[in-house]
Amino acid sequence: MALLEIAHMGRMTAGPTSGTTKDIQAMLREIAAEVAYTHREIGKDALDARVMAAMAKVPRERFIPEPYRYRAFANGPVPIGHGQTISQPFMVALMTDLLNPRPDSTILEVGSGSGYQAAVLAEIVGHVYSIEIVGALAEAARERLQRLGYDNVTTRHGDGYHGWAEHAPFDGIVVTAAAPYIPPPLVAQLKPGARLVIPVGEPGGVQVLTLVEKAADGAVSSRNLLMVAFVPLTRTPA
Ligand code: SAH
């Protein structure tokens, strides 16, 4: 499918937003260009068409604070308050793609932030559970997702290091903040055959986007994909 068609499809179904077809088309092109640029590291030349269609459909500007909306479709991170950022479109698209999302998947996200990544996932999968450690962001994301009609997303305020045991195991888990090591509770909450996508590394230092896979027999392996820069995974003191 041509990028223009995907973008158009998005415009027809997403309702009125300030993102024009041209803005979205440009964003999709930048994602595709960065995929091409990093194809050796990420191990693919293109992202799944369903992921690109979801990127075209979710009204990204609605997840971005007013003063920064002019940057909604640029391929960079944008501040969302509380020292946090909404990741650049390429990173959101890549992490979504790496989860191999299917219509019947149940996905856990750690780090709801604005709720944007959760919305992109919700366009593709059956249900998204998303945890956010900053109370004000958790509340804002919950309201925003509800307002936009994402009723297949359930949010919670808390420390996502522990996952969400009541709804585990998951078909995929995405962590959108950098952890110093892979949290064992998250690996434990993967179904056989499921994947965990997580930036691993020290805050402010070099981090590596890591793809963890639990095989059908339960064996866990991991692959380092790409150098990245994420805000740190913080912890609630026990
Ligand atoms: N996925 C977000 C981007 C989030 S930035 C979006 O699409 O907008 C990373 C988020 O992770 C921040 O909001 C930060 O507060 C949150 N976070 C950091 N540590 C966390 C933890 N232990 N549990 C849950 N959320 C955490």
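The values are calculated or read from the model by the stated rules, or taken from the named source; none is laboratory data. On a predicted model such as this, the values are computed, not experimentally measured, just so you know. No Cβ is skipped: glycine too gets one built from the backbone with ideal geometry, and neighbour counts run over all protein chains shown. Protein only, heavy atoms only, side chains kept; ligands, DNA and RNA dropped before computing areas. Shrake-Rupley method; radii C 1.70, N 1.55, O 1.52, S 1.80 Å.
Candidates are the residues of the stretch 53-99 that are of a type in the set (S, T, N, Q) and surrounded by 24 or more Cβ atoms within 10 Å (Cβ to Cβ); the one that is nearest to the ligand (Cβ to nearest atom) is SER87. For the stretch 47-100, name all the residues that are of a type in the set (Val, Ile, Thr) and touching a residue at least 60 places away in the same chain (Cβ under 8 Å). Result: VAL51, VAL58, THR85, THR96.
Every condition in (1) part of a helix (DSSP H, G or I); (2) open to solvent by 30 Å² or more (accessible area, probe 1.4 Å) holds for PRO103 except the one numbered (1).
Determine which member of the set GLY158, GLY149, GLY193, GLY218 is over 21 Å from PRO77 (Cβ atoms), within 12 Å of the ligand (Cβ to nearest atom) and more than 17 Å from the chain's Cα centre (by Cα). So that I can check it myself, show each step before the final result.
Values: GLY149 fails: within 12 Å of the ligand (Cβ to nearest atom); GLY193 fails: within 12 Å of the ligand (Cβ to nearest atom); GLY218 fails: within 12 Å of the ligand (Cβ to nearest atom).
Answer to the check: GLY158.
Determine whether ASP23 is of a type outside the set (A, V, I, L, M), surrounded by 14 or more Cβ atoms within 10 Å (Cβ to Cβ) and over 18 Å from the mean Cα position of the chain (by Cα). Judged against the criteria, ASP23 is a match.
Scan the stretch 123-136 residue by residue and report those that are within 13 Å of the ligand (Cβ to nearest atom), free of Cβ contacts under 8 Å to residues at least 60 places away in the same chain and open to solvent by 10 Å² or more (accessible area, probe 1.4 Å). Selection gives TYR129, GLU132, VAL134, GLY135, ALA136.
Residue by residue, here is whether (1) at pLDDT 95 or above; (2) crowded, with 21+ Cβ neighbours inside 10 Å holds:
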| residue | (1), (2) |
| --- | --- |
| ALA179 | yes, yes |
| ILE182 | yes, no |
| LEU190 | yes, yes |
| GLU202 | no, no |
| ALA215 | yes, no |
| SER221 | yes, no |
| LEU225 | yes, no |
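Would you confirm whether any residue within the stretch 149-170 is closer than 22 Å to ARG223 by Cβ, part of a loop (DSSP other than H, G, I, E, B) and in contact with a helix residue (DSSP H, G or I) (Cβ under 9 Å, 6 or more places away or on another chain)? Within the stretch 149-170 (the criterion being closer than 22 Å to ARG223 by Cβ, part of a loop (DSSP other than H, G, I, E, B) and in contact with a helix residue (DSSP H, G or I) (Cβ under 9 Å, 6 or more places away or on another chain)), the answer is yes, since at least one residue qualifies.
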